[in-house]
Amino acid sequence: MRILFLAAFILGLVLGVVSMIAGIDRDQRRGRWVRFINLPTAGVAATLFGLVGYPLAKYSSLGPLAMTLIAGSAALVGAVGMLVLIAGWAVPSAARDVADERYILQGHLAHVTRAIRPTETGEITFEHEGRQYTLRACSIDGKLIAQDSEVVIERIEDEIAYVELWTTIAKQLELPS
C-alpha cells in the first residue's frame with residue numbers, strides 16, 4: 001500500500017507542475033461534467049490521496065480498505081476545494097480581465113516603408129495571421145527611423161503604430177558577458 005500512496009503523491013505533484021505550465025483548458029464546448037475533470041483537480045486529489053495514505057500505511061494498523069477510504073475522502077475534499085477555488089475565483093477573475101486592444105501586437109516585427117521623422121508619421125508594413133497590413137507609424141522615443149529599418153510595434157492607438165528600432169530592443173535583450 002505504501003508504494004501505491006507514494007506513487008499517487010508523486011503523480012499528483014507532477015500533475016500540479018504540468019497544470020502550472022499548461023494552464024487550465026478553457027474549452028467550454030465539451031460536456032457539463034467533463035470540464036470539472038482537469039489537471040489541477042486531479043493533481044490535488046492524487047497528492048492528497050498519497051499524502052494522507054502514506055503515513056497511514058506506514059504508521060497505523062488500519063486495514064487497506066480503511067486506509068483507502070480515509071485517503072480517498074481527503075482526496076475528494078481536496079478535489080471539491082479545488083473546484084470551488086477554480087469556479088469561485090479563477091474563472092470569474094479571468095472573465096473580468098479585459099485585454100487592452102492597443103497592446104495585442106506588442107512585440108510584433110514590422111518593416112518601415114516610409115521614414116518616420118520626429119515631427120511626422122511614417123509608414124510600416126507587417127504580416128499578421130497571413131495578411132499584410134500597412135499603418136502610419138511614430139517612433140516612441142521621437143527619433144528618426146529610416147526607411148527599410150526593422151522595428152518592433154509597442155502599441156497601436158487610433159490607427160497609428162508606435163514603434164521602436166529592432167536594434168534598440170536587441171541591445172536591451174543582450175546578456176552581459
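Annotations for the structure displayed:
- One chain, two ends: A115 and A22. Fully extended at 0.36 nm per residue, the span grows by 29.3 nm beyond their Cα-Cα distance.
- Long hydrophobic helices in the chain, taken as whole DSSP H segments with a C-alpha length of 27 Å or more on their own axis and mean Kyte-Doolittle hydropathy at least -0.5: 2-22, 39-59, 64-85.
- Cβ crowding within 10 Å, taken as a proxy for footprinting-reagent exposure, orders W89, W166 from fewest neighbours to most as W89, W166.
- Close amide H contacts of A137 (hydrogens built in the peptide plane, cut-off under 5 Å, sequence separation of 5 or more or a different chain): G122, E123, I124, A161.
- Placing unit charges on the Cβ atoms only, positive for Lys and Arg and negative for Asp and Glu, gives the stretch 57-177 a dipole magnitude near 640 debye about its Cα centre.
- Label-point separation, Y133 to Q147 (7 Å along Cα→Cβ), nm: 2.4 nm
- One decimal place: the segment R155-V77 gains 23.5 nm when fully extended, by the rule 0.36 nm per residue minus the C-alpha distance.
- Taking other C-beta atoms within 10 Å as the exposure proxy, V44, V163 rank V44, V163 from fewest upward.
- Between A66 and R102, the simple spin-label model (points 7 angstrom out along Cα→Cβ) gives 6.6 nm.
- Simple spin-label estimate for R2 and I169 in nanometres, 7 Å along Cα-Cβ: 5.6 nm
- With 5 Å bins from 0: P(r) over the stretch 102-173, alpha-carbon pairs, percent: 4, 19, 32, 28, 13, 4, 0
- Distant-in-sequence amide contacts of R155, defined by a placed amide H-H separation under 5 Å and a gap of 5 or more residues or a different chain, comprise Y162.
- Label assignment, P(r) over Cα pairs in 10 Å bins from 0, in percent derived from the structure, set [x] 9, 33, 34, 16, 7, 2, 1, 0; [y] 10, 33, 28, 16, 11, 2; [z] 9, 23, 16, 15, 16, 12, 7, 2, 0: [z]
Here, each number is a calculation from the coordinates, and none is a lab measurement. Owing to the predicted nature of the structure, the values given are computational and were not obtained by experimental measurement. Cβ atoms come from the backbone with ideal geometry, glycine included; neighbour counts cover every protein chain shown.
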